[in-house]
Amino acid sequence: MILNILLIIDFVMLAVVLIGYIFTSMRERKFLRQEANQSLELQQKVYQAQVLKEINDRIGYSLDTAKIIDIITSSLGSLLDYDTVSYMLLHDDGSVLFKCHVERTVNHEFIRQVKDKMLQSFAAILDSDVRPQKLDESITGNILNDSLNVSVASFFNLPVVISGRLVGMINVASAAKGRYGEEQASILYTITNQAATAVSKLQTVLENEKGKLSAVIYSLTDGVIMVDTANRLMVYNPAVKTMLGVSGERALSMFDIVDGLAGKVDIRTKMEQAAAEDKPILINEVYLKDKALELTVSPVKISTGERLGVSVLFHDVTTEKTLEKTRQEFTAMMVHELRAPLTAVRWSSESLLKNMAAAAAGVDTAKVKDTAVTIETASNNMLELVNDLLDVAKIEAGKFELNMQMYDLVEVVKDQVKAFTPQAEAKHLALNVAAPDKFMVKFDRVRISQVMGNLISNAIKYTDSGEITVNVAADADKKAETVGVKDSGIGVSHEDLGQLFSKFKQLQSGDRSRKGTGLGLVVSKGIIEAHNGKIWAESAGENLGTTFYFSLPIA
Amino acid sequence: MTTIVVAEDDKLISNSLCEALKTAGYNPVPAYDGEEAVAKCKEAVPNLVLLDIMMPKLDGISVLWELKANPSTANLPVIVLTNIGDVETISKIVEAGAVDYLLKSDQSVDDIIQKVKDVLARNVRLA
């Protein structure tokens with residue numbers, strides 16, 4: 001009995017161990033199977049990823065849909081089993097591109113069936129029949145054999161959508177039944193989807209870049225146009241419209257451009273020339289309305305060398321031209337101003353030499369003295385002019401140095417008035433001073449004397465009758481000391497007041513009889529500003545006299 | 001004595017020119033602006049005029065026309081002395097009837113005296 005019980009226990013234990021063993025081994029086997037499955041899945045994923053990477057690398061930054069799909073379909077052989085792989089692309093102009101790669105020999109009917117299935121799929125998606133106006137067909141790979149009795153037994157279509165737009169369809173077909181399940185479709189879907197996403201992103205980036213570029217072109221002050229190879233206007237900006245005088249919302253046409261430039265430039269010929277010679281052409285001095293323009297006609301090409309058309313840049317050079325003219329006038333004036341005293345020196349010294357040669361007859365000392373005085377005065381005038389020029393150069397270079405000390409401003413003013421009294425008297429002008437006894441300010445004595453001299457001599461030069469009054473007074477707020485030189489002369493028009501102190505301005509006025517370079521005022525302005533002071537002029541108008549002021553800061 | 005009106009607003013140039021003319025034996029009469037030049041030509045009855053272009057009150061071209069308009073000065077030979085050498089001014093000078101023009105800075109006093117002599121001699125022959 002006990003033995004029986006023991007036997008039963010033994011048996012039960014054995015059974016438990018056995019069951020335990022079986023259970024464990026079953027679990028292990030299940031685990032192993034799972035692992036094997038997982039590793040297969042992993043392998044497949046790695047492989048897919050590799051193919052995808054390869055596709056991505058080959059696509060690069062291309063936006064050429066045909067090329068992208070071509071790359072995708074030609075990479076499928078390693079992932080899927082099929083007889084034919086095909087794609088269709090819908091073009092904007094209504095034509096359809098059909099490309100089919102024959103992996104295993106099929107017949108024409110097979111291809112026709114593939115085409116039909118793809119067109120049907122298009123129709124289903126677009127909800128309308130697709131009847132291609134033109135079908136570009138290209139079949140590659142194995143030869144077709146119509147003696148074969150095959151037809152499409154299994155297939156699937158995959159639409160290609162880029163940036164939300166249906167652009168094409170990929171088809172995989174086989175003569176064997178039940179070849180394609182969800183798994184195969186999902187592989188192709190993954191690949192196509194990722195490629196499409198990449199392209200969409202690239203397109204967004206390009207759209208953004210294009211937007212930036214358009215904004216740049218739109219905001220340029222230079223006019224820009226671009227025409228394509230058929231001479232159609234592709235790009236233009238508001239600046240070019242303004243330059244051509246085309247106003248409002250009206251779109252610019254090629255006619256406006258050719259017409260606007262007619263008689264000045266034959267722009268069509270220049271564009272053709274630029275395209276033919278494959279280099280930019282510069283057209284100088286085209287005058288449109290009141291503007292001087294410089295035109296650059298350039299061929300437009302993309303990096304591959306393909307010609308897109310021709311661009312024309314309208315650069316406004318009016319300011320440069322005006323400046324150039326003023327500079328020329330200034331130079332001419334300077335030459336004239338330097339020549340006058342030089343001529344006097346030359347002629348006087350010639351006379352002097354003649355007198356000396358005839359010395360046997362006795363030198364006329366009075367005559368020699370007169371001549372020598374002429375030479376001296378002419379030389380001084382010239383020296384003054386050259387000094388003014390040097391001062392202007394120093395001021396413009398910012399290398400103007402001052403020797404600042406405490407001086408009596410009234411004394412300096414009175415000294416200059418005294419020095420110019422003979423000149424004023426010679427023109428029968430009264431030269432008066434209204435000033436306190438003394439006013440101590442910090443300034444450069446030589447330079448402020450120079451400014452006073454310039455202002456008083458100008459007042460004398462531009463006044464034919466009446467008087468000149470020099471006034472010295474502290475400002476109401478006691479922060480500056482102001483000197484005014486008031487004359488009863490020809491005055492200055494309101495527009496010219498602001499330009500009195502700028503270089504190149506003097507002889508712009510009609511009255512060329514009053515010679516002078518106007519450099520004195522430019523130098524005076526430089527000196528006063530170096531003192532942190534102010535210089536300005538006031539006039540009630542022409543023939544109403546002028547008052548020149550300068551103020552020096554106190555302390 | 002041969003009288004020559006020297007119309008020149010630049011006192012220094014006028015002085016040196018007058019000196020030279022005196023030394024050469026002429027009688028220079030200076031005029032310092034355009035109006036004065038016209039007046040002196042009527043008054044002094046000169047044999048010749050040396051005329052500057054850029055002058056106050058009346059410029060040299062206007063002086064030429066004024067002289068032409070007045071019978072007593074219409075045949076007066078005028079040599080223009082100027083520093084303005086542009087074609088436009090020169091054609092105006094010629095049109096207004098000057099017998100010759102000289103660019104001041106290009107000339108020595110001797111050149112000017114020689115030109116004065118030539119013009120006077122030619123004028124005498126013409127007369």
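Tabulated data
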{"item": "Hits in segment A:539-555 (condition: among the small types (G, A, S) and more than 47 Å from the chain's Cα centre (by Cα))", "result": "A:G545, A:A555"}
{"item": "Count - residues of segment B:49-97 that are of a type in the set (A, V, I, L, M) and either over 14 Å from the mean Cα position of the chain (by Cα) or facing chain A (nearest Cβ under 10 Å) (or both)", "result": "9"}
{"item": "Per-region count, segment A:390-422, residues modelled with pLDDT of 90 or more and surrounded by 11 or more Cβ atoms within 10 Å (Cβ to Cβ)", "result": "16"}
{"item": "Checklist (1) farther than 14 Å from B:V6 by Cβ; (2) within 14 Å of chain A (Cβ to nearest Cβ) applied to B:I112, failing item", "result": "(1)"}
{"item": "Search result, residues across segment A:292-314 that are under 22 Å from the mean Cα position of the chain (by Cα) and either among the acidic types (D, E) or loosely packed, with under 15 Cβ neighbours inside 10 Å (or both)", "result": "A:E294, A:K301, A:I302, A:S303, A:L308"}
{"item": "Qualifying residue in segment A:353-365 (condition: modelled with pLDDT of 85 or more, out of contact with any His (no Cβ under 7 Å at 6 or more places or on another chain) and more than 8 Å from chain B (Cβ to nearest Cβ))", "result": "no"}
{"item": "Condition met for A:V152 (more than 27 Å from A:K53 (Cβ to Cβ), modelled with pLDDT of 90 or more and not in a strand (DSSP E or B))", "result": "yes"}
{"item": "Selection count where residues are loosely packed, with under 14 Cβ neighbours inside 10 Å, among the acidic types (D, E) and assigned to a loop (DSSP other than H, G, I, E, B), scope segment A:424-446", "result": "1"}
{"item": "Per-region count, segment A:64-88, residues assigned to a loop (DSSP other than H, G, I, E, B) and farther than 23 Å from A:R179 by Cα", "result": "1"}
{"item": "Test: B:Y32 is buried (at least 22 other Cβ atoms within 10 Å of the Cβ) and modelled with pLDDT of 90 or more", "result": "no"}
{"item": "Residue in segment A:120-142 that is more than 49 Å from the chain's Cα centre (by Cα), among the hydroxyl-bearing types (S, T, Y) and either buried (at least 19 other Cβ atoms within 10 Å of the Cβ) or closer than 13 Å to A:M169 by Cβ (or both) present", "result": "yes"}
{"item": "Residue in segment A:411-423 that is away from every other protein chain (no Cβ under 14 Å), in a loop (DSSP other than H, G, I, E, B) and of a type in the set (S, T, N, Q) present", "result": "no"}
{"item": "Residue among A:G141, A:G94, A:G168 that alone is in contact (Cβ under 8 Å) with a residue 40 or more places away in the chain and more than 30 Å from A:L206 (Cα to Cα)", "result": "A:G141"}
{"item": "Close pairs from segment A:265-286: first over 17 Å from A:L308 (Cα atoms), partner of a type in the set (S, T, N, Q) and modelled with pLDDT under 90, Cβ under 6 Å, at least 6 apart", "result": "none"}
{"item": "Unique match (being surrounded by 14 or more Cβ atoms within 10 Å (Cβ to Cβ) and free of Cβ contacts under 8 Å to residues at least 24 places away in the same chain) among A:L213, A:L220, A:L202, A:L188", "result": "A:L220"}
{"item": "Which listed residue, of A:R346, A:R339, is at the interface with another protein chain (Cβ under 8 Å from one of its Cβ atoms), surrounded by 12 or more Cβ atoms within 10 Å (Cβ to Cβ), within 14 Å of B:V109 (Cβ to Cβ) and out of contact with any Asp or Glu (no Cβ under 9 Å at 6 or more places or on another chain)", "result": "A:R346"}
{"item": "Lone unmet requirement of (1) in contact (Cβ under 8 Å) with a residue 40 or more places away in the chain; (2) within 29 Å of B:D86 (Cβ to Cβ); (3) touching a helix residue (DSSP H, G or I) at 6+ places or on another chain (Cβ under 9 Å) for A:V312", "result": "(2)"}
{"item": "Of residues in segment A:223-245 being part of a loop (DSSP other than H, G, I, E, B) and in contact (Cβ under 8 Å) with a residue 12 or more places away in the chain, the one nearest to the chain's Cα centre (by Cα)", "result": "A:N237"}
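The values are calculated or read from the model by the stated rules, or taken from the named source; none is laboratory data. Quantities reported herein were computed from a predicted structural model and do not represent experimental measurements. All Cβ positions, glycine included, derive from the backbone under ideal geometry; neighbour counts span all protein chains shown.
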